[in-house]
Amino acid sequence: RTREVAGVRVVLLPAIVRGRAVAPAWPRVADLREGVAARGRVVLGPTADGTYLVCRPVIDRATLEPTGATQVLVLPAVHPAALVEPDPAAAVAGLMRLPFAEVCSFVDAVGVALRSGLADPAGALLTATSQLGDRAHHAALAQVCGLFDGDAVRAMLERDLRGPAEELLDRWTPVPDPAVRGLTARMADRTPGLAPDPADDGHAADTGAADPGAVTDTGARDGRDRDGPPRPLVRGLPTRQLHLTAGNAPVVAVTSLLWGWATRGACVVKPAADTAGLVAALGTALAAVGADHPLARHTTLAYWRGGDPAVEDVLLADGAFDRRVVWGSAATVDSVLRRGGATDTIVLRPRHAVSLIGAAAVRDDLAGTVRRAAVDSLVADQNACMSSLLHVVEGTDADADAYAVELAAVLARWDEALPHTPSPAVTAALVGLRRGRLATARWYVNGSWPRVSSAVVRHQGGLDLRRHPGGRLVLVRAVPRLRDVLGELGPDVSTAGVAPGAALDDLRDELAAAGVDNVLPLGEAERGHAGRPHDGMRVLGRLIR
């Protein structure tokens with residue numbers, strides 16, 4: 001619901017608690033005035049009325065400059081105890097009875113609902129305060145809606161778990177290899193007065209094998225061998241999952257939610273403040289599909305201020321959840337790991353990407369190589385872990401300078417095709433680098449200081465890429481041989497795009513051994529497939545018990 005209050009556009013967004021919408025109260029005028037007075041990106045709350053106020057400057061869509069107005073999203077501060085499953089065993093038992101085929105049908109139905117227009121209001125909320133152009137937002141929203149694809153969810157799960165979903169999740173399945181009886185049971189079989197009566201458990205004792213560890217594979221019937229002990233039975237069970245997501249891209253919260261649904265989890269998903277509008281769209285889609293569906297009944301989408309002890313002391317306590325998925329900064333990860341340390345926690349920390357440009361790629365096809373490298377650098381407008389921030393060029397300083405000039409020209413064309421305006425914080429960081437750490441480097445900029453739309457910096461020496469400000473800034477560095485830079489790459493690098501193909505083949509093993517998880521042809525950093533490992537992990541297998 002939307003209303004103008006004291007000259008401010010106020011939008012009420014519900015939380016979804018186990019499939020049901022929980023609406024916030026309209027905020028007090030005094031709280032709204034405090035948010036507007038901040039004149040920036042702030043989150044207030046929880047207020048005395050039990051709400052959070054997410055305040056963001058409204059952006060003129062033609063100029064991508066602030067209009068002076070403020071958009072305030074109002075979210076309910078749900079009591080943390082209400083976010084925890086009241087009967088964990090009943091939740092797991094109910095989700096166990098849900099056939100995986102129905103999971104896929106549910107995902108398809110949510111996708112149809114979102115693509116029918118239910119996601120449009122959320123898209124409008126995100127766009128209103130974004131300094132990215134409309135074309136980029138429309139593409140991102142279409143990507144998010146397209147992720148709700150039952151066939152893709154099936155492929156994701158089966159590739160991750162390496163087997164048919166129905167056999168892994170829907171029933172108890174005999175292990176194909178024969179069972180080996182335990183040492184103590186075999187000793188009892190051969191000790192007078194200790195051997196159990198075979199009739200007691202319905203199968204014959206292992207008395208005839210020459211090798212006490214040998215078991216003859218005589219075929220299984222309902223989990224038993226005809227002449228041996230019962231076959232082991234395995235089954236993937238649902239878990240209670242807490243997903244703490246980051247706000248660098250809307251796709252993050254959706255990816256985490258789909259991981260939870262694919263594993264039939266009882267999920268609590270916390271969106272970041274900048275993606276909170278998606279909660280309303282997903283909640284509306286759940287209502288359209290049916291809030292009583294087992295997955296909907298065990299899906300909670302709710303915002304709280306990260307680090308709030310009143311909430312997180314409850315949610316991060318041992319036993320509150322079986323699994324935790326944490327996307328975010330080093331501070332966020334540390335805060336979570338300090339609490340509830342016995343809970344299995346999947347950490348997806350901030351990382352970055354690089355491009356390794358071999359001499360042959362520069363010599364034989366400079367223009368094509370630069371265009372491919374620019375694609376890798378602009379993934380999610382440099383807000384994703386696979387966005388390349390550093391291009392290492394094999395060759396002389398003159399080769400790297402020619403590469404940098406060409407790259408700046410390509411980025412200028414991107415600025416025209418997908419316009420953006422760096423935030424004040426990014427602009428300040430770029431000015432600081434220009435005057436400080438990178439003052440002696442060669443800068444090739446598009447736009448004019450201080451409002452630079454993109455920049456290429458030719459420098460030698462290191463720069464901590466964890467402090468890279470974004471803003472379409474690409475660092476270019478020359479090395480005599482690409483192999484010379486391998487010692488500087490490690491687990492902080494999620495992705496390396498390499499050209500030409502011969503260099504990719506030559507360096508793949510060494511890059512992987514150094515800790516780089518994705519080694520790909522230049523220009524393909526964003527390439528993926530359903531079920532691909534994430535940050536070097538098969539995540540879905542860890543979310544299933």
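Test each condition in (1) closer than 20 Å to ALA530 by Cβ; (2) touching a residue at least 24 places away in the same chain (Cβ under 8 Å) for ALA139 and report the one that comes out false.
Failed condition: (2).
Which pairs have Cβ atoms under 6 Å, sit 6 or more apart or on different chains, and link a residue in segment 61-77 that is open to solvent by 40 Å² or more (accessible area, probe 1.4 Å) to one that is assigned to a loop (DSSP other than H, G, I, E, B)?
Going by the 6 Å Cβ cut-off, the qualifying pairs are THR67/ASP60.
Name every residue in segment 295-306 that is touching a helix residue (DSSP H, G or I) at 6+ places or on another chain (Cβ under 7 Å) and in a helix (DSSP H, G or I), in order of residue number.
Passing the criteria: LEU295, ALA296.
Let me confirm something: among ARG18, ARG41, ARG33, which residue is touching a residue at least 12 places away in the same chain (Cβ under 8 Å) and at positive phi?
Answer to the check: ARG18.
LEU114 - would you say it is closer than 22 Å to THR275 by Cβ, more than 23 Å from the chain's Cα centre (by Cα) and open to solvent by less than 60 Å² (accessible area, probe 1.4 Å)?
Taking the combined requirement at face value, the residue does not satisfy it.
It is to be established whether one or more residues within segment 84-93 are farther than 23 Å from GLN131 by Cα, at pLDDT below 95, of a type in the set (D, E, K, R) and open to solvent by less than 70 Å² (accessible area, probe 1.4 Å).
no
Report, by residue number, each residue of segment 31-61 that is among the aromatic types (Phe, Trp, Tyr) and out of contact with any Pro (no Cβ under 9 Å at 6 or more places or on another chain).
none
Which of the strands (runs of 3 or more DSSP E) contained wholly in segment 307-364 include at least 1 residues that are open to solvent by 20 Å² or more (accessible area, probe 1.4 Å) and among the aliphatic types (A, V, I, L, M)?
344-348
Here is a list of conditions, (1) under 26 Å from ALA317 (Cα atoms); (2) under 26 Å from the mean Cα position of the chain (by Cα); (3) of a type in the set (A, V, I, L, M, F, W, C), and ALA48 meets all of them except one; can you say which number that is?
(2)
Testing VAL456 on (1) modelled with pLDDT of 95 or more; (2) open to solvent by 30 Å² or more (accessible area, probe 1.4 Å), one condition comes back false. Which one is that?
Unmet condition: (2).
Counting only residues that are in a helix (DSSP H, G or I) and within 12 Å of ARG538 (Cβ to Cβ), which one in segment 159-169 is most open to solvent (accessible area, probe 1.4 Å)?
Result: ARG159.
Residue-wise test of (1) surrounded by 14 or more Cβ atoms within 10 Å (Cβ to Cβ); (2) over 14 Å from the mean Cα position of the chain (by Cα); (3) not hydroxyl-bearing (Ser, Thr, Tyr).
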{"residue": "ASP505", "(1), (2), (3)": "no, yes, yes"}
{"residue": "LEU511", "(1), (2), (3)": "yes, yes, yes"}
{"residue": "LEU520", "(1), (2), (3)": "yes, yes, yes"}
{"residue": "GLY528", "(1), (2), (3)": "no, no, yes"}
{"residue": "ARG538", "(1), (2), (3)": "yes, no, yes"}
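When the residues of segment 365-378 are filtered to those that are in contact with a helix residue (DSSP H, G or I) (Cβ under 8 Å, 6 or more places away or on another chain) and of a type in the set (A, V, I, L, M), which remaining residue is surrounded by the most Cβ atoms within 10 Å (Cβ to Cβ)?
Looking at the filtered set, the residue picked out is ALA373.
In contact with a helix residue (DSSP H, G or I) (Cβ under 7 Å, 6 or more places away or on another chain) and open to solvent by less than 40 Å² (accessible area, probe 1.4 Å): is that true of GLY45 in this structure?
no
Run ALA353 past the list (1) within 17 Å of the chain's Cα centre (by Cα); (2) at pLDDT below 95 and report the number of the one that doesn't hold.
So ALA353 meets the others, but not (2).
For GLY497, are the conditions met, namely being at positive phi, in contact (Cβ under 8 Å) with a residue 24 or more places away in the chain and crowded, with 17+ Cβ neighbours inside 10 Å?
no
Does ARG545 count as part of a loop (DSSP other than H, G, I, E, B) and over 30 Å from GLY432 (Cα atoms)?
Yes, satisfied.
Is there a residue in segment 423-431 that is closer than 22 Å to PRO521 by Cβ and of a type outside the set (Phe, Trp, Tyr)?
For segment 423-431, residues closer than 22 Å to PRO521 by Cβ and of a type outside the set (Phe, Trp, Tyr): absent.
Hey, can you tell me all the residues within segment 368-398 that are within 15 Å of ASN248 (Cβ to Cβ) and β-branched (Val, Ile, Thr)?
Matches in segment 368-398: VAL379 only.
The values are calculated or read from the model by the stated rules, or taken from the named source; none is laboratory data. Computed from a predicted structure; not experimentally measured. Reconstructed Cβ throughout: ideal geometry from the backbone, glycine too, with neighbour counts over all protein chains shown. The area values use the complete protein model at the heavy-atom level, side chains included, leaving out ligands, DNA and RNA. Shrake-Rupley method; radii C 1.70, N 1.55, O 1.52, S 1.80 Å.
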